[in-house]
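Scroll down for the structure; my scribbles are underneath it.
Every number here is computed from the coordinates shown, using simple stated rules; none is lab data. In this text, all values refer to a predicted model and were calculated from it rather than measured experimentally. Here the Cβ is made from the backbone with ideal geometry for all residues, glycine too, and neighbour counts use every protein chain on show.
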Amino acid sequence: MSVEENKRVVERFMDRIVLGRDMDAVDELCASDVVYRMPVGVAYGRSGLKAMFTKTFGAFPDCRILPEFHVAERDHVITRATMRATLTGAFEDRSPTGRKLVLPQVWDFRLADAVIADIHVSYDTRLLMDLLGIPPTRAVEY
Amino acid sequence: MPQESNKAVVQRHFDDVLNAGNLAVVDEIYTDDVLFHGPQGIVQGKGPIQAWVGMMHRAFSEFTTDVEMMVAEDDRVVAKVIARACHRRPFMDAPATDCHVVIPMTIIFHLRDGRIAELENIYDSQAFADQLGSSLPLMHKL
């Protein structure tokens with residue numbers, strides 16, 4: 001597969017699944033044993049990936065994750081993306097209306113046989129919690 | 001190939017500037033107007049990079065970044081690295097903990113005329129803070 005073909009698969013993934021929330025496209029674009037890793041969990045296989053996305057979209061119903069650019073070489077496509085949402089829920093004493101969430105993300109795709117085999121998503125969970133108005137908790141000390 | 005020479009420049013950022021703390025190399029491998037997505041948000045110029053490297057080396061010993069993978073295309077290089085260090089001296093609000101930290105990071109570089117013109121580091125600052133046993137609110141801007 002060429003780098004251009006890999007980028008097209010990733011663009012379709014970001015557009016149809018991540019933005020369009022079309023879970024049927026997972027079967028077309030991902031290997032059956034796809035592994036999806038993000039800071040808060042891992043999902044295995046197509047059904048695991050679909051369940052993870054469904055849960056994430058349920059938690060952030062109005063969020064949009066948009067690609068900024070791709071960097072592709074060999075069997076990897078790395079996508080710099082931005083997660084955006086307008087937060088309308090009140091949380092503690094924070095003003096609820098119009099607060100905007102803008103979260104930089106990196107999506108690292110590894111492709112094999114013209115489909116996505118691995119996805120590794122990186123972002124700053126502390127920044128996400130700050131933007132959501134959730135204070136930090138102290139790490140457990142043993 | 002331009003990707004290979006761009007990757008070589010990025011490798012010098014890790015080997016010479018970060019790992020060796022060789023601030024003189026900053027003059028060689030960055031543009032004068034380099035943009036650094038760092039602790040104060042997006043800052044410009046070589047000075048902020050030198051200041052940040054100096055701060056990290058004062059607070060952390062055995063500071064190394066190991067490049068796990070680089071993906072390069074056109075004028076961009078993405079490096080996935082593991083940063084390791086030992087927290088020997090005060091760092092921001094945290095007194096020395098003697099903790100070893102191990103932090104995966106993704107750094108996106110944009111090059112111009114063979115030099116680094118922009119760099120952005122995306123990583124989980126909560127994981128960094130947890131390993132220091134602290135809940136530093138400023139960490140996500142590092």
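Below is a table of values for the structure above.
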quantity: Subset of the stretch A:27-42 [surrounded by 13 or more Cβ atoms within 10 Å (Cβ to Cβ) and closer than 15 Å to A:Arg110 by Cα]; calculated: A:Leu29, A:Cys30, A:Ala31, A:Val34, A:Val35, A:Tyr36, A:Arg37, A:Met38
quantity: Breaking point among (1) touching a residue at least 12 places away in the same chain (Cβ under 8 Å); (2) farther than 22 Å from B:Ala96 by Cα; (3) touching a Lys or Arg at 6+ places or on another chain (Cβ under 9 Å), for B:Val71; calculated: (1)
quantity: Selection from the stretch A:31-58 of residues that are under 26 Å from B:Asp124 (Cα atoms) and part of a strand (DSSP E or B); calculated: A:Val34, A:Val35, A:Tyr36, A:Arg37, A:Met38, A:Gly41, A:Val42, A:Ala43, A:Tyr44
quantity: Hits in the stretch B:44-72 (condition: assigned to a strand (DSSP E or B) and either in contact with a helix residue (DSSP H, G or I) (Cβ under 7 Å, 6 or more places away or on another chain) or away from every other protein chain (no Cβ under 14 Å) (or both)); calculated: B:Gln44, B:Phe60, B:Ser61, B:Glu62, B:Phe63, B:Thr64, B:Thr65, B:Asp66, B:Val67, B:Met70, B:Ala72
quantity: A:Asp62 free of Cβ contacts under 8 Å to residues at least 24 places away in the same chain, at negative phi, acidic (Asp, Glu) and more than 14 Å from chain B (Cβ to nearest Cβ); calculated: no
quantity: Residue check, B:Lys80 crowded, with 17+ Cβ neighbours inside 10 Å and within 11 Å of another protein chain (Cβ to nearest Cβ); calculated: yes
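Residue-wise test of (1) within 14 Å of chain B (Cβ to nearest Cβ); (2) in contact with a helix residue (DSSP H, G or I) (Cβ under 7 Å, 6 or more places away or on another chain).
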position: A:Cys30; (1), (2): no, yes
position: A:Asp33; (1), (2): no, yes
position: A:Met38; (1), (2): yes, no
position: A:Ala43; (1), (2): no, yes
position: A:Met52; (1), (2): no, no
position: A:Arg80; (1), (2): yes, no
position: A:Ala85; (1), (2): no, no
